Amino acid sequence: MSSGTIVRRIFYVLLMVVGSVTARANDGLTIPRNLDRRVDSLLALMTVEEKVGQLVQYSVKGGGTGEKFRLTEEHVGRIRAGRVGSLLNVVGAERNRLIQEIAVKETRLGIPLLFGLDVVHGFRTIFPIPLGEASTWEPELIRKAARVAAVEASAAGIHWTFAPMVDIARDPRWGRIAEGSGEDPFLGSQMAAARVTGFQGDDLTRTDAILACAKHFAAYGAAEGGRDYNTVDISERTLREVYLPPFDAAVKAGVGSIMCSFNEIAGIPSSSNHFLLTDILRTEWKFDGFVVSDWCSIAEMQAHGIAGSPAEAAAEAITAGVDMDMESGLYDSRLGDLIGAGKIPVAVLDEAVRRVLRVKFRLGLFDNPYRSFETAREKKVMLAPEHRFLAREVAGQSMVLLKNEGGLLPLKKDLSKIAVIGPLADSRNDPLGCWDAKGDSNDVVTVLRGIRQAAGRGADVLYARGCGVTGADRSGFGKAMKAARGVDVAILVIGESSEMSGEAGSRASLSIPGVQEELVQAILTTGTPVVVVLMNGRPLAIPRLSAAVPAILEAWFPGIEAGNAVADLLFGDYSPSGKLPVTFPRDIGQIPLYYNHKNTGRPAVDTSRFTSKYIDLESTPLYPFGFGLSYTRFEYSELTLSAPSIEPDRSLGVSVTVTNVGTRSGEEVVQVYIRDEVASVTRPIKELRAFRKISLAPGQQQRVDFPLGPEALASYNRDMQRVVEPGEFKVFVGGNSRDVLESSFRVLAH
Ligand code: BGC
């Protein structure tokens with residue numbers, strides 16, 4: 001028996017003695033009892049090199065979606081030497097089992113590897129992009145979508161997803177706005193918690209659970225000019241009020257890992273930001289998982305200009321609180337020497353290793369290193385009918401009806417001639433959106449196919465592409481116009497291609513690219529009624545389109561059930577209920593434009609020059625935050641508060657009556673906003689504090705109640721303490737952030 005085998009055996013006996021009984025943690029997750037003792041007994045056996053190995057993560061070339069994978073001798077050598085703790089982008093139950101066997105059987109201590117992948121909005125069953133998911137305003141539904149993603153990914157050798165992405169984004173030029181929940185910290189927090197709970201389940205040791213990773217910590221969405229990876233310079237107040245709440249919510253929901261961001265804040269790149277990674281995350285929030293860097297972000301500190309050498313970059317990162325190095329290799333190549341030279345205390349290394357090991361224990365990897373490598377389950381769960389069913393439901397609920405003049409929608413099912421036009425109408429790839437994991441364009445139901453299936457048997461559905469998403473080729477216009485002539489309706493499917501958003505997908509324009517708007521104008525000249533279905537990963541500035549066409553459905557990138565979901569809505573099987581999680585501007589010049597802005601000393605009055613506005617544009621957005629139409633109409637009445645005043649530590653009851661005054665059933669997202677009228681620091685003009693989706697039959701009425709507790713009324717005062725300040729508050733309730741009923745109450749002084 002080799003000495004490695006002996007050590008491994010002793011270690012596993014020790015683990016069994018220390019016990020694997022489980023206990024409930026405060027966050028509701030089940031964690032192994034005696035976890036810290038188990039971790040420490042393992043740590044005691046480890047060499048410095050083995051410890052460093054646990055902090056190293058590499059991507060395997062060719063491990064990504066659709067690529068041919070090859071594990072090189074170099075990989076095997078590193079894994080065998082215990083110099084790797086985690087791999088990313090390696091997928092497949094059988095493949096990952098073989099790699100795990102090297103780690104478990106051939107390294108001295110047999111510590112299992114952690115396999116990570118960006119499972120962002122589905123694994124094989126691709127759901128709408130997260131911005132679309134957020135438009136459902138239904139955290140429970142999104143929890144279920146994340147659960148499906150976890151079930152599929154965990155069966156294909158994945159233990160860990162780099163999701164949810166919880167960055168607040170107020171600048172739609174930033175391509176990564178597609179990956180998050182939009183501009184609002186409250187909605188973003190609800191979605192963050194839902195996704196964490198969905199991925200991790202309530203027991204991380206279950207083989208269908210995957211570790212979640214809230215990213216990118218922090219304020220990555222505040223990049224200047226919306227340019228990816230760019231500089232961020234915001235106050236601590238804005239950081240805490242706008243950008244941190246979804247991370248806090250993810251931590252409270254028990255997220256096991258956090259990824260730090262590429263950007264700096266006020267001169268400090270996140271990979272070396274001790275204030276963020278240690279003071280706030282560990283000390284204030286008591287986060288006990290581990291922090292992984294973003295891709296090469298440790299090495300990038302040299303380009304940022306705060307590390308003069310790779311060793312300095314590694315030292316800064318580990319000291320700030322980055323536990324695992326994704327891909328840069330600097331922990332692998334430099335940490336050992338830094339420890340040897342006494343430049344980094346062993347205690348700092350040990351703490352980082354403890355955090356990583358703790359999570360591996362929590363995942364049950366020591367008890368079952370081969371969890372998630374079940375080929376039979378892999379075959380069985382992928383694209384299961386109930387997964388597709390849920391994808392269709394989420395897609396349907398994610399779409400936002402922006403305009404519906406004269407009740408053009410829903411379409412009658414007995415139309416005899418329909419033209420489906422546009423470069424995205426029959427696209428199989430774009431509906432998947434960015435970060436589509438193991439999504440396969442062959443699984444996608446295109447809009448054309450969805451409409452063909454849904455239209456009545458006798459219907460004639462004509463198709464013309466018209467033009468490309470980009471480019472100036474108008475040669476297809478004639479054919480498209482011919483298709484549109486004399487039909488009952490022309491459905492134009494236009495927007496952005498999927499690679500125009502997501503990482504490094506920032507745009508300098510918010511227009512619909514290419515000649516697509518011209519195509520719409522050309523079709524309009526035929527006199528046929530036009531419905532526009534938009535696919536895009538960000539709000540677009542579409543004032544002309546919005547004025548010209550009678551009906552617009554914002555579909556985002558809806559995932560594999562795109563066509564079915566679009567057809568469900570267009571033909572009225574389901575009434576649209578999505579609401580915008582982000583403001584649609586009239587023009588790119590208005591950016592940043594978000595609903596929860598400050599009032600300023602001179603709030604905008606379009607007819608008054610010396611106010612906060614542009615002289616050449618209306619100050620309002622094209623479509624406000626929270627906006628979305630339905631095929632029915634909802635009326636709000638009788639907004640009442642439980643009391644005219646409350647003590648600062650008490651809750652206030654807010655009630656409103658919502659009536660379906662239309663002729664169809666429908667769902668409505670009832671939204672509650674507050675405004676602290678006078679405080680020690682200026683407050684936003686509105687802040688979302690509660691919402692609920694309700695379903696009403698025609699004529700049906702419902703009283704909807706919301707409690708507003710101290711957390712909803714609190715803000716950071718001048719001394720950065722979070723308190724409820726006495727004084728007058730307004731409450732607004734409505735179906736979007738603009739059209740609201742209003743009332744007010746006082747918070748009394750203690
Ligand atoms: C992205 C992360 C992602 C990582 C691994 C980075 O470039 O910023 O969001 O998780 O790559 O794929």
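Just one of the listed residues (Ala679, Ala697) is of a type in the set (A, V, I, L, M, F, W, C) and over 28 Å from Met399 (Cβ atoms), and it is Ala679.
Of Glu140, Glu152, all but one fail to be among the charged types (D, E, K, R), more than 15 Å from the ligand (Cβ to nearest atom) and open to solvent by 10 Å² or more (accessible area, probe 1.4 Å); the exception is Glu140.
Of the residues making up the stretch 457-467, those that are open to solvent by 30 Å² or more (accessible area, probe 1.4 Å) and either within 10 Å of Ala419 (Cβ to Cβ) or out of contact with any strand residue (DSSP E or B) (no Cβ under 9 Å at 6 or more places or on another chain) (or both) are Arg457, Gly458, Asp460, Leu462, Tyr463.
In the stretch 251-283, what count of residues is obtained for those that are within 16 Å of the ligand (Cβ to nearest atom), assigned to a loop (DSSP other than H, G, I, E, B) and buried (at least 24 other Cβ atoms within 10 Å of the Cβ)?
Taking the stretch 251-283 and keeping what is within 16 Å of the ligand (Cβ to nearest atom), we get 255-264, 269-271.
From what is left, the residues that are assigned to a loop (DSSP other than H, G, I, E, B) are 255-256, 261-263.
So of that shortlist, the ones also buried (at least 24 other Cβ atoms within 10 Å of the Cβ) come out as 255-256, 261, 263.
Going through the stretch 251-283 one residue at a time, the tally reaches 4.
For the stretch 456-477, give me the residue count where each residue is out of contact with any Ser or Thr (no Cβ under 9 Å at 6 or more places or on another chain) and at pLDDT below 95. So the answer is 1.
Taking the criterion of being more than 25 Å from Ala194 (Cα to Cα) and of a type in the set (A, V, I, L, M), would at least one residue in the stretch 232-248 satisfy it? Full working, then the answer.
Here is the first cut: in the stretch 232-248, the residues more than 25 Å from Ala194 (Cα to Cα) are 232-237.
Those still in the list that are of a type in the set (A, V, I, L, M) too: 232, 234.
Yes, some residue in the stretch 232-248 is more than 25 Å from Ala194 (Cα to Cα) and of a type in the set (A, V, I, L, M).
Take Thr125 and decide whether it is open to solvent by less than 10 Å² (accessible area, probe 1.4 Å) and away from the ligand (no atom under 16 Å from the Cβ). In short, yes.
Results for (1) within 20 Å of Gly628 (Cβ to Cβ); (2) open to solvent by 40 Å² or more (accessible area, probe 1.4 Å); (3) at pLDDT 95 or above, shown as yes or no for each residue.
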{"position": "Met535", "(1), (2), (3)": "yes, no, yes"}
{"position": "Ile560", "(1), (2), (3)": "no, no, yes"}
{"position": "Pro592", "(1), (2), (3)": "no, yes, yes"}
{"position": "Asn596", "(1), (2), (3)": "yes, no, yes"}
{"position": "Thr600", "(1), (2), (3)": "no, yes, yes"}
{"position": "Ala604", "(1), (2), (3)": "no, yes, yes"}
{"position": "Ser608", "(1), (2), (3)": "no, yes, yes"}
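Within the stretch 682-720, the set of residues being surrounded by 15 or more Cβ atoms within 10 Å (Cβ to Cβ) and of a type in the set (Val, Ile, Thr) comprises Ile685, Ile694, Val704.
Taking the condition at negative phi, in contact with a Ser or Thr (Cβ under 6 Å, 6 or more places away or on another chain) and surrounded by fewer than 24 Cβ atoms within 10 Å (Cβ to Cβ), does Asp248 pass? Write out each step before concluding.
Numbers: at negative phi: yes; in contact with a Ser or Thr (Cβ under 6 Å, 6 or more places away or on another chain): no; surrounded by fewer than 24 Cβ atoms within 10 Å (Cβ to Cβ): yes.
When the stated conditions are applied, Asp248 does not pass them.
In the set (1) surrounded by 17 or more Cβ atoms within 10 Å (Cβ to Cβ); (2) in a helix (DSSP H, G or I); (3) small (Gly, Ala, Ser), the condition left unmet by Gly406 is number (1). With respect to the conditions (1) away from the ligand (no atom under 16 Å from the Cβ); (2) open to solvent by less than 40 Å² (accessible area, probe 1.4 Å); (3) part of a loop (DSSP other than H, G, I, E, B), Leu519 lacks only one, and its number is (3). Of all residues in the stretch 189-216, count the ones that are within 16 Å of the ligand (Cβ to nearest atom) and within 13 Å of the chain's Cα centre (by Cα). Total satisfying the criteria: 9.
Per the conditions (1) open to solvent by 10 Å² or more (accessible area, probe 1.4 Å); (2) in contact with a Lys or Arg (Cβ under 8 Å, 6 or more places away or on another chain), the sole criterion not satisfied by Gly342 is (2).
The values are calculated or read from the model by the stated rules, or taken from the named source; none is laboratory data. All of these numbers come straight from a predicted model, not from anything done at the bench. All Cβ positions, even for glycine, are placed from backbone atoms using ideal geometry, and neighbour counts span all protein chains on display. Protein only, heavy atoms only, side chains kept; ligands, DNA and RNA dropped before computing areas. Shrake-Rupley method; radii C 1.70, N 1.55, O 1.52, S 1.80 Å.
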